[in-house]
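Trainee: I am attaching a structure below and will ask some questions about it afterwards.
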Amino acid sequence: MLEGGIKIERNGEAVLLQFFIPLTADTVPSVISALPDPFPSSKDKKLTVDLADVDMMDDYGFFFIEELKKQSALRECNIEIININSDLESFLCDFRITETVPSEIELQGKDQCHSNDKDNLVTEIGAYALKVRDNLEGLIHFKGSVVLSIIKVLRKPSLLRTGDVWTAMRKIGVEAFPVVALISFLMGLIMAFMSAAQLKMFGGNIYVASLVSLAMARELGPIMTTIIMAGHSGSAFAAEIATMRINDEVDALVTIGVDPVIFLVVPKILASLIVVPLLTLFSIMIAIAGGLIVGVGMLDLTISSYMAQTAKSITIFDVIVGCSKSGVFAFLITWISCLRGFNARGGPSAVGNAATSAVVSSIFIIVVTDSIFAVIQRYW
């Protein structure tokens, strides 16, 4: 028996290491100081760690065993841990002490760890459910903060930095307009081209104008415009705020008494509410122009007949609904993008993660919200 509650027995090329005390924060330092080099000097070595008399272990004991694993791997020594009671087995499995390492540890009770996979699965599902709950609470809390901040700005407009609003309007509107125009033109062109072959069979060439105008005004115009906004502006908002978060600039704003939501979020939301409905209106008009090219070039329609059918098919109400939907989508995109930026933690990779999460979340929330609007419109 050695000092510190440990015992070492050498048998040729094998070594047996036994512990007779708990491996905790109080005992591990004395064990380390009393423990000589337990590894054999010859090749084809094997170290057996007997935990039969260890009835308690905490994270200090875990890291002590982990260090034995690492030293075994460095010395090309096979290590086997035996005689683990059920409580310790569960603890070690939770810490993944039983995973295979380069030294090819053979741990007694490995099957018991796999038998706990079902329990671990339940634990992971519960942890994920709690994470979803926390995320929902964060979403609702941040949305409430944004609404209260907007009300505060409306009551006291001097709190709003108009220069930031104009900058955000330029970023959301002017810089995104070429992309929106190109995508919308191609959407109108493609829809007219694909429907022309079918409608031509029944002599319904003129209805290409109805299809393009209705589809763009009610659904595709708002959706395509806001999806482009999510990729172009939403990711930029998330990356900007995430960078400020990581550099502690947001905390600096709080320290000097500036509300970060009013300073960073409200100008972007106001700019998106103003610009995105206008972008949607342009998107509808440009898509109709794309359909017009197909109607005149392939279906022998005249410009006047195509435009007359378009005016007959859609109403001002359809355009207003489409632009209003895009305004709601724009608010949600800006809100979720800024939230992802504020939630960023860590190093530079967190900025990329925030931007990616902002785009994915924005597209998801656009589709869900549009589905809700579709149901409302159906029964309105």
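Bear in mind that the values in this text are calculations on the coordinates, not laboratory data. Please read these numbers as outputs of a predicted model, since none were measured by experiment. Don't worry about glycine lacking a Cβ; one is built from the backbone with ideal geometry, like all the others, and counts go over all protein chains shown.
Trainee: If you wrap a convex hull around the C-alpha atoms of the chain and split its volume per residue, what is the figure in Å³?
Mentor: Numbers: hull volume 90.5 nm³, N = 380.
Cα-based convex hull of the chain, divided per residue, equals 238 Å³.
Trainee: Give me PHE373, PHE364, PHE193 ranked fewest to most by other Cβ atoms within 10 Å of their Cβ, as a rough exposure proxy.
Mentor: Values: PHE373 19, PHE364 12, PHE193 16.
Ranked by crowding around the Cβ, least crowded first: PHE364, PHE193, PHE373.
Trainee: Continuing with the same structure: When DSSP assigns beta bridges and you keep just the ones with both residues in the chain, what percent turn out antiparallel, to the nearest 5? All intermediate terms of the calculation are to be shown ahead of the outcome.
Mentor: On the way: 7 of 20 bridges.
Antiparallel: roughly 35 percent of the beta bridges in the chain.
Trainee: Just to confirm the number: angle between the C-alpha axis of helix 303-313 and the first principal axis of the chain, 0 to 90 degrees, nearest 10?
Mentor: That works out to roughly 70 degrees.
Trainee: Between ARG10 and GLU249, what is the FRET efficiency for a Förster distance of 45 Å, r being their Cβ-Cβ separation, to the nearest 0.05? If you can, show how the numbers build up before the last one.
Mentor: Details: r = 61 Å, r/R0 = 1.35.
Approximately 0.15, to the nearest 0.05.
Trainee: How many nm separate the modelled label positions at LYS152 and PHE317, each set 7 Å beyond the Cα in the direction of the Cβ?
Mentor: Each label point lies 7 Å from its Cα, and together they span 4.1 nm.
Trainee: Still on this structure, please answer the following. Any idea how far the Cα center of the range 4-23 sits from the one of the range 162-210, in Å?
Mentor: Each part reduced to its Cα centre gives a spacing of 77 Å.
Trainee: Using the basic label-point model (7 angstrom from Cα toward the beta carbon), what is the LEU139 to MET201 distance in nanometres?
Mentor: 4.3
Trainee: Would you mind calculating the relative contact order of the chain from Cα pairs under 8 angstrom and at least 6 residues apart, reporting the percent as a whole number?
Mentor: Working: 531 pairs, mean separation 61.1, N = 380.
Relative contact order comes out at 16 percent.
Trainee: Hey, if you put +1 on the Cβ of every Lys and Arg and -1 on every Asp and Glu Cβ in the chain, which of ASN343, PRO22, THR123 ends up farthest toward the positive end of that dipole?
Mentor: ASN343
Trainee: FRET efficiency for LEU278 and ILE376, Cβ-Cβ distance as r, R0 = 30 Å, nearest 0.05? The partial results should precede the final answer.
Mentor: Details: r = 24 Å, r/R0 = 0.79.
Taking R0 as 30 Å, the efficiency between LEU278 and ILE376 is 0.80.
Trainee: While we're on this one: Could you sort 18-25, 228-235, 182-189 so that the peptide with the highest average Cβ count within 10 Å comes first and the rest follow in order?
Mentor: 228-235, 182-189, 18-25
Trainee: Using a 7 Å offset from the Cα along the Cα-to-Cβ direction at both GLU124 and ASP53, what is the distance between the two label points in nm, to one decimal?
Mentor: Once both label points are built, they end up 3.9 nm from each other.
Trainee: Sticking with this one: Express in whole angstrom the spacing between the alpha-carbon centres of the range 288-338 and the range 340-380.
Mentor: Taking the Cα centre of the range 340-380 as reference, the centre of the range 288-338 is 24 Å away.
Trainee: Students often check this: by mean Cβ neighbours within 10 Å, which of 270-280, 309-319 ranks highest, and how do the rest follow? Numbers along the way, then the final one.
Mentor: On the way: 270-280: 23.4, 309-319: 14.9.
Put in order of decreasing packing, that is 270-280, 309-319.
Trainee: Further question on the same structure: In what sequence do ARG340, ARG218, ARG345 fall when counting other Cβ within 10 Å, fewest first? Mind dumping the intermediate values first?
Mentor: On the way: ARG340 26, ARG218 20, ARG345 10.
Ranked by crowding around the Cβ, least crowded first: ARG345, ARG218, ARG340.
Trainee: Taking the Cα centre of the range 133-379 as origin, work out the dipole magnitude from +1 charges on Lys and Arg Cβ and -1 charges on Asp and Glu Cβ, in debye rounded to 20. Could you put the intermediate results ahead of the total?
Mentor: Details: 17 positive and 13 negative charges, 75 e Å.
For the range 133-379, the charge dipole is close to 360 debye.
Trainee: For n ≥ 4 DSSP H runs only, could you compute -39500 (n - 2.57) per run for the chain, divide by its residues and tell me the 222 nm figure to the nearest 500?
Mentor: That comes out to -22000 deg cm²/dmol.
Trainee: Okay, moving on. Using only Cα atoms, tell me the angle between helix 266-298 and the longest principal axis of the chain; keep it within 0 to 90° and round to the nearest 10.
Mentor: Roughly 60 degrees, rounded to the nearest 10.
Trainee: Beta carbons within 10 angstrom, averaged per residue: use that to sort the peptides 157-164, 287-294, highest first.
Mentor: Details: 157-164: 12.4, 287-294: 22.1.
Descending mean neighbour count gives 287-294, 157-164.
Trainee: Return a whole-number percent for the relative contact order of the range 209-331, with Cα pairs under 8 Å and 6 or more residues apart as the contact set.
Mentor: On the way: 98 pairs, mean separation 65.5, N = 123.
Normalised by residue count, the contact order of the range 209-331 is 53 percent.
Trainee: So what are the radius of gyration and Dmax for the Cα set of the range 204-289, in Å?
Mentor: 18.9, 67
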